[in-house]
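The values are calculated or read from the model by the stated rules, or taken from the named source; none is laboratory data. The model shown is predicted, which means the values in this text are computed figures rather than measured ones. For neighbour counting, all protein chains shown are included, and Cβ atoms are generated from backbone atoms with ideal geometry for every residue, glycine included.
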Amino acid sequence: MNTMSKHEEYLEKAKSLSRIEAEQLFSRMRGKLARRMGDKKLDPVEAIARQLAFEDEQLNEWRTKVAEIRTKSKH
C-alpha cells in the first residue's frame, strides 16, 4: 500500500528532476505561483511540485474531454 500522499509524491518528483527539466517547469509557471516563488514565500522545489500537480490535473481534464469527443463522434 502506498502511504505517501499525492503532495509528497509531487515533492519527490520535483526533487528528482534534472536542472533542465526544472527550468522548463519554471518557464511554464504563471501568475500567483511564480510571484509567490519570486517573493520568497515559496521554496523552488515546492513551486515545481505544485506546477507538476497542476499540469497533471490539466492533462487529466484534457484526456476526459478527448474521450467525450471520441465517444460522441462514434455515435
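Based on this model, can you work out whether Gln58 counts as surrounded by 11 or more Cβ atoms within 10 Å (Cβ to Cβ), polar (S, T, N, Q) and either without any contact (Cβ under 8 Å) to a residue 40 or more places away in the chain or part of a loop (DSSP other than H, G, I, E, B) (or both)? Considered against the rule, which asks whether it is surrounded by 11 or more Cβ atoms within 10 Å (Cβ to Cβ), polar (S, T, N, Q) and either without any contact (Cβ under 8 Å) to a residue 40 or more places away in the chain or part of a loop (DSSP other than H, G, I, E, B) (or both), Gln58 comes out as no. Each residue in the range 33-51 was checked for being closer than 15 Å to Tyr10 by Cα and either at pLDDT below 80 or part of a helix (DSSP H, G or I) (or both), and 8 pass. May I ask you to list pairs of residues, at least six apart or on different chains, whose Cβ atoms are under 7 Å apart, with the first in the range 33-54 being on the phi < 0 side of the Ramachandran plot and the second being part of a loop (DSSP other than H, G, I, E, B)? Listed pairs, sorted by first residue: Arg36/Leu42; Ala47/Met29; Ile48/Leu17; Gln51/Met29. For Ile20, indicate whether it is in contact (Cβ under 8 Å) with a residue 12 or more places away in the chain, in a helix (DSSP H, G or I) and of a type in the set (Val, Ile, Thr). Taking the combined requirement at face value, the residue does not satisfy it.
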